[in-house]
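Below you'll find the structure, written out as structure tokens, and then a few comments.
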Amino acid sequence: MTTNSHGLLVCFTGPAYGPSGEPILRADLKAAAQALGMVVQDNFSVGTDLLVASRSDTVKAAKAASRGIKVLSYPAFLSMFKVVVKPGKSSPRCPYADTHTHSGPHPSLIGGPEL
């Protein structure tokens, strides 16, 4: 997957959490993505390039992958595109979000074409 983000159509779903489970405000994430030239969509559609999800085992993530849309976790998105956002203060740490404390291939990349 390339990391050229200009014009990339991206959709965020689920609560946004960083690699250690710290909450990230959606508005900050959206602003950071737009600053990189991405077009942020409220819902994914046929033209969406990337779905960023708090969990990879949801119906929405599976549906996006089946349509050829690349699915990433929030930590993978932050790392891949070198996105830096401050943790939000209003939400507690999320025990249900996918986090990456393991080694090996990144589990949140599900199907879809190379970007």
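The values are calculated or read from the model by the stated rules, or taken from the named source; none is laboratory data. On a predicted model such as this, the values are computed, not experimentally measured, just so you know. Quick reminder, even Gly has a Cβ in these numbers, built from the backbone with ideal geometry, and neighbours come from all protein chains shown.
A few comments on the model shown:
- Qualifying residue in the range 107-115 (condition: modelled with pLDDT of 90 or more and outside any helix (DSSP H, G or I)): no
- Considering the range 8-81, the qualifying helices (runs of 4 or more DSSP H), each wholly inside and each with 2 or more residues that are of a type in the set (A, V, I, L, M, F, W, C) and either over 11 Å from the mean Cα position of the chain (by Cα) or at positive phi (or both), run over 26-35, 59-66.
- In the set (1) surrounded by 11 or more Cβ atoms within 10 Å (Cβ to Cβ); (2) at pLDDT 50 or above; (3) of a type outside the set (K, R), H100 fails one condition alone, (2).
- Residue pairs meeting the criteria (Cβ under 7 Å; at least 6 apart or on separate chains; first loosely packed, with under 15 Cβ neighbours inside 10 Å, in the range 34-63; second among the basic types (K, R)): V46/R67
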